[in-house]
Structures are given as C-alpha cells and as structure tokens.
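What follows is a short report on a single structure.
The values are calculated or read from the model by the stated rules, or taken from the named source; none is laboratory data. Every value quoted in this text rests on a predicted model; they were computed, and no experiment measured them. FYI the Cβ positions are ideal-geometry reconstructions off the backbone, even for glycines, and counts take in every protein chain you see.
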Amino acid sequence: MCLSVAVWRSRLSDCLRPVIPGVCRWHRRVIGGCLVVGVATSVVADERSYTQLVNVLRDHPAVRAELAQARRWEASAQGAMGWPKPSLSVGLNNVPLTAPTDFDRYLPSNKSLEFKQAIPNRRGRQALRGAFDAQAEVTRLRAMQTLAGLEVRMIIALAERERIAASKQLLDQQALLLDELDHWLRGELAAGSGVYARLDEIDVRRGRIAETRLVLDGEDQRWRAELLSLLEVVPDPDRLPALAPHQWQGDDQAFIAVRVATLQEAVARARVKQHAADLGVDYAVGVAWQQRESSATFDGDDWVTLKFTVNVPLWAASNQRPKFLAAEQNAAGAKAGIAQKVRESRADHARALAELDTAEHLIQALAVRRQHLRDLEKANRRRYEAGDGSLEDVIRPAMQSLTLDIDLAKHRARRTIAAARINALLMEDAR
C-alpha cells in the first residue's frame with residue numbers, strides 16, 4: 001500500500017503526540033514532515049572508499065574530454081614532420097580537338113605522366129611539432145586541474161553533509177533537553193508555581209529547532225544532488241578522511257595554474273618559431289615523363305623533365321612578417337599570463353590558508369568555551385540534585401554547549417574545505 005506524503009506527515013504527527021507532549025500540533029507536523037523528507041529521499045548508501053570515489057572522478061566526462069583532446073594533439077604532433085601529399089598527373093597534351101586519340105598527326109602531341117612533391121621548411125615543421133607537443137601537455141595538465149576541481153566539489157559536498165548530519169543529531173539532543181525542562185516545568189506548574197509562560201517559550205524554541213531541521217534537510221538535498229552529478233551515487237559522509245593541507249615551499253611552478261600558463265607560453269613560442277620559418281624558403285621537386293608517337297613525317301621518342309622549385313617569400317613585408325610580429329605579441333601576452341597566474345594562485349593560496357587558520361583558531365576557542373559550559377552544567381546539576389538550584393540552571397549551559405557543538409561542526413567543515421582548496425592548487429608532485 002502506498003501512502004501520500006501528507007498522510008505520512010499526519011500519522012507521524014499523531015505518533016509524536018505522546019512522545020513530545022508539549023509540542024503544539026503545528027510543530028509536530030513540521031517535525032513529521034522532516035522525518036518524511038528523510039524517509040522519502042533515502043537511498044542505499046554507497047560503500048566505496050574515498051580512494052575509489054576519486055577513481056570514479058577520473059572517469060568523469062569532463063576529465064575524459066580533456067584527455068581525448070590531449071591524445072588528439074599528440075597524434076597531430078606525430079604527423080607534423082611528415083611531407084604533404086604528392087600530386088600525380090596524367091595528361092594528353094597538344095592533341096587535335098577533332099581527333100583527340102591521334103598522336104601521330106602533329107609533332108607536339110604527346111602523352112605525359114608527372115609527379116610533384118612539396119617539401120615544406122623543416123624548421124617550420126619542427127616548430128609545429130613542438131607546438132602540438134606543448135599543447136598536448138597543456139591539455140593533460142588541464143585534465144589534472146579539472147580532476148582537482150571535481151575532487152574539491154566532492155569534498156565540499158561530503159563535508160557539508162557531515163556537518164548537516166552532526167547538526168541534526170545535536171538538534172535532537174537539544175529537543176531532549178527541552179523535553180526534560182518541559183517535564184520539570186509542568187511539575188512546577190502543578191505545584192502552584194507561575195511558570196506557564198516558560199512553557200510557551202519552550203514551544204517557540206522547539207519550533208525553531210524544527211525550522212532549522214527543515215533548512216538542513218533542504219541543504220542536504222542540494223549536496224546530494226551535487227554528489228549525484230559528480231559520482232552518480234550518494235556516498236555516506238563518513239567516507240571523507242581527515243584532510244591535511246600540503247605545504248607550499250614557495251615555488252610558483254608548484255601551482256597547477258602557473259604550470260599550465262608556462263606551457264601555454266611554450267606553445268606561443270613554438271608558434272613564433274613556426275612563423276619565423278615562414279620567412280624562409282620552401283621547396284618542391286617534380287619529374288615528368290612524356291611520350292611522342294612516330295609518324296610519316298617525324299620520329300617518336302620518350303623524354304623526361306626534372307624540376308626543382310624554391311618558394312621565396314617575396315611579399316613577406318605584407319604577409320609573413322606581420323604574422324610573425326603578431327605571434328611575438330601573442331607570446332608576450334602568454335608570458336604576462338604567467339605573472340597573472342602567479343598572482344592569482346598566491347592570492348588563492350593565501351585566502352584558503354587564512355580560512356584554514358581562522359577555522360582552526362575558532363575550533364580551539366569554541367572547544368575551550370564549550371568545556372567551561374560543560375563544567376558549569378555539571379556544577380549546576382550537582383547543586384540541583386542537592387536541592388539547591390533550578391533545573392533551568394542545568395539546561396541553559398547544556399543548550400549553549402550543544403549550540404557551540406553545532407558551530408564546531410560548521411568550522412570543522414570549513415577547515416576541511418579550506419585544506420581541500422589548498423591541495424587542489426598544487427601539482428601532485430609538489431604535494
């Protein structure tokens with residue numbers, strides 16, 4: 001039997017009435033709705049390890065597309081040194097239009113077979129091969145950069161889901177504390193104490209908890225969708241290991257973006273060499289065989305023609321030279337691009353490192369304050385159990401301590417994300 005979400009929410013609200021008697025009907029339905037969302041969207045958890053998940057990312061379409069382009073450039077480099085296709089011509093030369101098959105009527109009539117081969121400038125071909133090789137390496141580095149970006153996205157999603165799961169558990173603990181306080185206040189109310197307004201305050205706080213859970217459920221769905229787009233599965237958050245940031249030793253070439261920009265300059269320099277070679281000469285060779293048939297007035301014979309051609313850039317000032325200057329300016333721009341990527345990578349590293357340091361310092365500070373609150377809670381509970389004090393004095397620091405735990409979960413996620421961003425900036429051999 002299949003029940004609608006509305007029916008499930010109503011039934012869960014009724015089930016929650018005896019469990020949390022102080023919660024109004026609207027709040028019970030909100031909590032029930034949260035539970036329905038969790039049930040309706042649950043899937044079988046993926047059991048692969050983190051390393052296996054990274055291997056799944058290596059087969060991501062974005063990475064495969066970059067690697068396919070790299071193989072394309074490598075294949076182009078292999079063919080860059082080859083000569084172009086030769087030409088082979090068969091001719092019937094100087095035959096009369098009225099009798100094109102008669103080769104014995106006129107002296108110039110003959111049959112011919114000609115072969116021609118262009119030989120491009122070797123320096124230009126070598127420069128083109130260098131450009132293709134450098135472009136292939138650039139594309140492979142971009143595939144590595146793409147993989148690093150995908151891994152960061154996966155880490156962010158897992159860290160956020162881990163934070164959300166921890167926050168939900170802490171909210172549940174806060175709800176239990178409110179239940180304990182609700183039970184105590186009802187006892188005080190039965191004894192004649194004027195604490196009715198405080199019961200309303202508990203309902204308000206329960207409503208805030210329910211609303212926070214709804215927000216967390218929405219965030220969890222968003223990160224689940226992110227993981228599905230990356231991995232086509234939704235792994236458990238506990239698949240994320242503890243991440244430590246790799247130390248940058250000050251070498252700018254350790255940054256992936258800088259290494260890519262450096263190779264792009266190598267491509268641009270190879271293009272300069274290619275256009276410089278265009279200012280030189282190209283060659284071509286040819287050989288032609290011709291046959292003339294004998295007639296009553298002349299003898300037939302065979303003869304051969306050999307040709308050697310030199311292509312000279314006579315119009316270089318208006319053709320090859322401007323292209324060479326344009327390639328030089330492109331190379332200058334690529335060199336400036338290296339300096340720009342150095343600045344950007346250093347800034348990105350500094351920002352991520354600042355985020356990491358801030359998260360670590362906040363974790364330390366919040367842990368100290370949480371310990372003080374726990375000590376206060378224990379002291380107040382001892383006083384309460386000794387008959388000197390109120391249960392509210394026990395619940396208050398306990399609730400504040402759990403709120404700090406939620407903040408700690410958020411900053412732990414920030415620390416993990418910052419470490420992942422630092423690592424994604426660096427080459428694998430620099431980690």
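Considering the stretch 223-252, the residues that are part of a loop (DSSP other than H, G, I, E, B) and among the acidic types (Asp, Glu) include one that is farthest from the chain's Cα centre (by Cα), namely Asp251. If you take the residues of the stretch 337-386 that are under 26 Å from the mean Cα position of the chain (by Cα) and basic (Lys, Arg), which of them is surrounded by the most Cβ atoms within 10 Å (Cβ to Cβ)? Step by step, filter the stretch 337-386, then rank; the result is Lys341.
Just the residues that are β-branched (Val, Ile, Thr) and surrounded by 19 or more Cβ atoms within 10 Å (Cβ to Cβ), please, taken from the stretch 387-405.
Listed by number, the residues that qualify are Val394, Ile395.
In the stretch 357-364 there is at least one residue matching the filter, namely being out of contact with any Leu (no Cβ under 7 Å at 6 or more places or on another chain), modelled with pLDDT of 95 or more and either closer than 30 Å to Pro313 by Cα or β-branched (Val, Ile, Thr) (or both). The residues on offer are Lys341, Lys307, Lys323, and the sole one that is touching a residue at least 12 places away in the same chain (Cβ under 8 Å), part of a helix (DSSP H, G or I) and closer than 30 Å to Pro120 by Cα is Lys323.
Exactly one residue out of Ala127, Ala118, Ala166 is among the small types (Gly, Ala, Ser) and within 32 Å of the chain's Cα centre (by Cα): that is Ala166. Quick check on my filter: what residues within the stretch 317-332 are surrounded by 15 or more Cβ atoms within 10 Å (Cβ to Cβ) and of a type in the set (Gly, Ala, Ser)? Scanning the stretch 317-332 gives Ala327, Ala331. Leu181 passes every criterion in (1) of a type outside the set (Lys, Arg); (2) without any contact (Cβ under 8 Å) to a residue 60 or more places away in the chain; (3) assigned to a helix (DSSP H, G or I) apart from (2). Do the conditions hold for Val152, that is, is it surrounded by fewer than 19 Cβ atoms within 10 Å (Cβ to Cβ) and free of Cβ contacts under 8 Å to residues at least 12 places away in the same chain? Against the criterion (surrounded by fewer than 19 Cβ atoms within 10 Å (Cβ to Cβ) and free of Cβ contacts under 8 Å to residues at least 12 places away in the same chain), Val152 does not qualify.
A residue that is of a type in the set (A, V, I, L, M, F, W, C), modelled with pLDDT under 90 and in a loop (DSSP other than H, G, I, E, B) can be found somewhere in the stretch 288-296. Set side by side, the residues Ala386, Ala413, Ala409 differ, and just one is assigned by TED's automatic domain parsing to the domain that holds Leu177, aliphatic (A, V, I, L, M) and over 17 Å from Leu243 (Cβ atoms), which is Ala386. Cβ-Cβ distances below 6 Å connect the following pairs, each with a first residue in the stretch 106-125 that is crowded, with 16+ Cβ neighbours inside 10 Å, a second residue that is of a type in the set (Asp, Glu), and a separation of six or more residues or different chains: Pro120/Asp282; Asn121/Asp282.
Go through the residues of the stretch 215-234 one by one and say whether even a single one is of a type outside the set (A, V, I, L, M, F, W, C) and at positive phi. So far as the stretch 215-234 goes, yes, one or more of its residues are of a type outside the set (A, V, I, L, M, F, W, C) and at positive phi.
Asp299 meets the conditions (1) farther than 30 Å from Glu344 by Cα; (2) of a type in the set (D, E, K, R); (3) modelled with pLDDT of 90 or more in every case but one. The failed one is (3).
Yes/no matrix, rows are residues, columns are (1) farther than 25 Å from Gln329 by Cβ; (2) at pLDDT below 95:
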residue	(1), (2)
Pro237	yes, yes
Pro241	yes, yes
Pro245	yes, yes
Phe255	yes, no
Val258	no, no
Ala261	no, no
Ala270	no, yes
Ala276	no, yes
Gly280	no, yes
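Listed by position, the helices (runs of 4 or more DSSP H) contained in the stretch 1-110 that have at least 3 residues being in contact with a Gly (Cβ under 7 Å, 6 or more places away or on another chain), over 30 Å from Asp301 (Cα atoms) and modelled with pLDDT of 75 or more form an empty set.
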